[in-house]
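Notes follow the structure.
The values are calculated or read from the model by the stated rules, or taken from the named source; none is laboratory data. As the structure is a prediction and not an experimental result, all values here were calculated from the model. Note that each Cβ is placed from the backbone with ideal geometry, even for glycine, and that neighbours are counted across all protein chains shown.
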Amino acid sequence: MEEVPGEILKDILNKVNSEDTFARLIRMNLIELQPGYARSTIPITDAAVNIHQMAHGGAIFSVADQACEAAGNSFGEPAVALQHNIHFLAAGRSGDLLEATAKVTNRSNRIGLIEFEVRNQEGLLLAMGQQLIYFMKGGKQKFNS
């Protein structure tokens, strides 16, 4: 595992939890960050279900996307998503607490691949997929070093 200064990881975690206004709106939280790995949670409330009373796909996608965002940026280099694919495998319900885990599985100079899973509080796998990211070399540095 690559060494990343703890201050960078702390800065990223704080930025995600304090400056991501959409995440705050839907009560999503980044709860763990390590180099190339992140965990996020989102509570599924009655306001986050679809017409079938299942967890809305957008809520499931959002928690996966946040975990991927944090894992991709965990090396201290700004990274952005290029493509995200998700497979919905089971339904979540109101009252569930969903947790996404994301791990960078391949990383080159400019491109990274992240694999993720979203599970409910009982460990049921609701979704899985991959995100392709781009490392913005020479771009504006977002994180302390």
- Item | Given (1) modelled with pLDDT of 95 or more; (2) farther than 24 Å from GLY123 by Cβ; (3) surrounded by fewer than 17 Cβ atoms within 10 Å (Cβ to Cβ), index of the condition SER18 fails | (1)
- Would you mind telling me which numbered condition in (1) in contact (Cβ under 8 Å) with a residue 60 or more places away in the chain; (2) of a type in the set (Lys, Arg); (3) surrounded by fewer than 17 Cβ atoms within 10 Å (Cβ to Cβ) ARG27 fails? (1)
- Item | Candidates GLY76, GLY72, GLY57 - the one that is touching a residue at least 12 places away in the same chain (Cβ under 8 Å), surrounded by fewer than 19 Cβ atoms within 10 Å (Cβ to Cβ) and either of a type outside the set (Val, Ile, Thr) or at negative phi (or both) | GLY57
- Note on the structure: Over region 110-132, the set of residues out of contact with any Gly (no Cβ under 9 Å at 6 or more places or on another chain) and under 20 Å from GLU77 (Cα atoms) is ARG110, ILE111, LEU113, GLN130
- Query: Within region 67-85, how many residues are touching a helix residue (DSSP H, G or I) at 6+ places or on another chain (Cβ under 6 Å) and either under 20 Å from ILE26 (Cα atoms) or among the β-branched types (Val, Ile, Thr) (or both)?
  - Reply: 1
- Item | Residue that is nearest to GLU77 (Cα to Cα) [pool: residues in region 1-23 that are touching a helix residue (DSSP H, G or I) at 6+ places or on another chain (Cβ under 8 Å) and β-branched (Val, Ile, Thr)] | ILE12
- Note on the structure: Counting only residues in region 70-98 that are of a type in the set (D, E, K, R) and either touching an Asp or Glu at 6+ places or on another chain (Cβ under 9 Å) or at pLDDT below 95 (or both), the one farthest from ASP46 (Cα to Cα) is identified as GLU77
- Message: Filter region 93-108 down to the residues that are farther than 19 Å from LEU30 by Cβ and either free of Cβ contacts under 8 Å to residues at least 60 places away in the same chain or surrounded by fewer than 16 Cβ atoms within 10 Å (Cβ to Cβ) (or both) and list them by number.
- Response: ARG93, SER94, GLY95, THR105, ASN106, SER108
- How many residues are outside any strand (DSSP E or B) and either under 17 Å from ARG93 (Cα atoms) or in contact (Cβ under 8 Å) with a residue 12 or more places away in the chain (or both) if we restrict to region 109-138? 9
